[in-house]
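Chemist: Before we start, here is the structure in question, set down as structure tokens.
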2 protein chains.
Amino acid sequence: MNTAQNATERDETGNLISSSKVEGTKVYNTAREHLGSIHHFMVGKRSGKVEYAVMSFGGFLGMGESYHPLPWDVLSYDTDQNGYVVDIDKDRLKGAPHYGVNEEPAYDRAYGRSVYDYYGISY
Amino acid sequence: MNTAQNATERDETGNLISSSKVEGTKVYNTAREHLGSIHHFMVGKRSGKVEYAVMSFGGFLGMGESYHPLPWDVLSYDTDQNGYVVDIDKDRLKGAPHYGVNEEPAYDRAYGRSVYDYYGISY
């Protein structure tokens with residue numbers, strides 16, 4: 001644990017959310033279009049930091065879906081729509097880094113950088 | 001995102017794990033006794049930090065189980081047993097902070113402190 005961390009920085013008092021609640025939550029873009037839903041997270045083994053919320057996108061009746069990793073920081077929560085919002089055009093999302101259900105990539109630095117670059121945030 | 005964070009500190013190259021893999025993973029103590037399994041996480045909404053891995057303990061046929069929040073830092077992974085290890089006596093675990101399936105507490109500072117104190121780490 002990072003003992004140097006100021007205890008007041010620790011998320012508390014309703015600022016923690018259960019992963020069970022996040023999983024399945026819908027994701028919209030700023031045009032209020034429904035993009036997909038959060039399927040699972042990619043968590044740093046040592047840090048315990050959620051690096052990516054992996055969104056399930058597309059598919060039909062559970063088939064053909066793809067996973068789009070979203071850096072945790074590109075997500076904001078919209079109480080109005082009861083879902084997350086990410087500022088990306090639906091068409092642009094199609095070209096974002098993604099993979100099939102059983103094709104999880106290595107998540108190395110190059111991959112991480114490609115994801116962050118695509119969403120316009122610094123790695 | 002914490003732009004001051006050194007990119008080399010970021011977990012990478014196999015150091016990320018899918019939450020789908022963690023959920024359901026067995027938890028043992030140092031005496032190799034099976035304690036329970038990870039059910040879900042409590043994640044800081046702003047930080048994206050997993051503050052607790054919530055372990056499902058006890059119960060039978062899906063009934064009567066309780067949730068024991070384990071600070072992320074008390075868990076280590078044992079490749080031998082293919083599970084997590086937490087250094088706590090089975091009897092002592094029974095008295096650790098826990099709650100029933102639909103009784104999630106507020107996770108305020110007092111609660112967090114009580115959990116960290118119980119596991120002997122500084123909050």
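Coordinate-derived values only; no laboratory data. All figures in this text were calculated on a predicted structure; none of them were measured in a lab. Quick reminder, even Gly has a Cβ in these numbers, built from the backbone with ideal geometry, and neighbours come from all protein chains shown.
Chemist: Under the rule a/c < 1.5 gives rounded, and otherwise a/b versus b/c splits prolate from oblate, where does the range A:12-85 land using the Cα gyration tensor?
Modeler: Since a/c reaches 1.5 but b/c is at least a/b, the shape of the range A:12-85 is classed as oblate.
Chemist: Give the shape of the range B:50-116 as rounded, prolate or oblate, defined through the alpha-carbon gyration tensor: a ≥ b ≥ c are the square roots of its eigenvalues, a/c under 1.5 means rounded, and otherwise the shape is prolate if a/b is larger than b/c and oblate if not.
Modeler: oblate
Chemist: Suppose R0 equals 25 Å. What FRET efficiency, 1/(1 + (r/R0)^6) with r the Cβ-Cβ distance, do B:Leu61 and B:Arg113 give to the nearest 0.05?
Modeler: 0.10
Chemist: I would also like to ask the following. Summing -39500 (n - 2.57) over the DSSP H runs of n ≥ 4 in the protein assembly as shown and dividing by its residue number, what mean residue ellipticity at 222 nm do you reach, to the nearest 500 deg cm²/dmol?
Modeler: Rounded to the nearest 500, it is -3500 deg cm²/dmol.
Chemist: Separate question: Give the average, rounded to an integer, of partner chain Cβ atoms located within 10 angstrom of each Cβ in B:105-112.
Modeler: Taking all residues of B:105-112 together, the mean is 4.
Chemist: Still on this model: Identify the residues of the range B:29-44 with backbone N under 20 Å of a label point that sits 7 angstrom from the Cα of B:Asp89 along the Cα-to-Cβ direction, or state none.
Modeler: Within reach of a label on B:Asp89, which here means backbone N under 20 Å from a point 7 Å along Cα→Cβ, the range B:29-44 contributes B:29-36.
Chemist: Just tell me how shielded B:44-57 is by partners: mean number of partner chain Cβ atoms within 10 Å of each residue's Cβ, no decimals.
Modeler: Mean number of neighbouring Cβ atoms from other chains: 6.
Chemist: Still on this structure: Can you give me the angle between helix B:109-118 and the longest principal axis of chain B, using Cα atoms only, in degrees from 0 to 90, rounded to the nearest 10?
Modeler: The angle comes out near 70 degrees.
Chemist: Moving on. At A:Arg92, with labels set 7 Å past Cα in the Cβ direction, how many nm apart are the copies from this one, shortest first?
Modeler: Those label-point separations list as 5.2 nm.
Chemist: Now for a different question. Pairs of Cα atoms under 8 Å, at least six residues apart: use those to get the relative contact order of chain B, whole percent.
Modeler: Taking the mean separation of contacting Cα pairs over the length of chain B, I get 19 percent.
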